[in-house]
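Structure, as structure tokens:
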Amino acid sequence: MTWVILNRDLPGFPDDNTVQINFLFPDGIQTEKHPHPGQPYAGLRLWAYLPDNREGRKVLRLLNKAFGRHLMFTIATNQNGDDVVTMATIPLKTQPDGGHKTDSYPDADYLKTVKRLLKEKGIE
């Protein structure tokens, strides 16, 4: 998990730059901690977005902690029967704008919602 600051705003946050979070998981072989040990899985390349403000930076720190505790991603079997890395139960905004409300901005409640969900998982 890495991040960079983009010189652009997100819908609903016109005075703030954007934090782009980068997740890169290469293809691999499942271990004993995964659903099908010894079997291959497809990796994932994903970008997520937060406003670069006080609350967004707090969420970034919480997400980083959750990532370190392996709470953000999992391996699951997709509709084609392939095992893939996928998001777990912590929602991410994977489109800065123009997508569905569930994965893009504007969403006035997102930062509050993700903080609550992280707190339920012991991340504060």
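What follows draws every value from the coordinates through simple rules; no lab data is involved. Everything numeric here is computed off the predicted structure, so don't read it as measured data. With ideal geometry, Cβ positions are generated from the backbone for all residues, glycine too; neighbour counts draw on all protein chains shown.
Brief remarks follow.
- Count Lys and Arg as plus one, Asp and Glu as minus one, and take only other residues whose Cβ is under 15 Å from that of Pro106; the net charge is then -4.
- Both radii are taken from the alpha-carbon atoms of the chain; with Rh as the Kirkwood radius, Rg/Rh is 1.00.
- Its DSSP H runs of at least 4 residues, each contributing -39,500 (n - 2.57), put the calculated 222 nm mean residue ellipticity of the chain at -6500 deg cm²/dmol, to the nearest 500.
- Formal net charge of residues neighbouring Thr89 (Cβ-Cβ distance under 11 Å; K, R +1; D, E -1): 0
- Between 0 and 90°, nearest 10: helix 54-68 axis offset from the chain longest Cα axis: 10 degrees
- Near Trp3, once Lys and Arg are set to +1 and Asp and Glu to -1 for all other residues with Cβ below 14 Å from its Cβ, the sum equals +4.
- Comparing Pro35, Pro11, Pro96 in a Gaussian network model of the chain, where Cα atoms under 10 Å apart are tied by springs, the biggest mean-square fluctuation is seen for Pro35.
- When the Cα gyration tensor is reduced to axis lengths a ≥ b ≥ c, the ratio a/c is 1.5 or higher for segment 62-124, and with a/b not above b/c it is classed as oblate.
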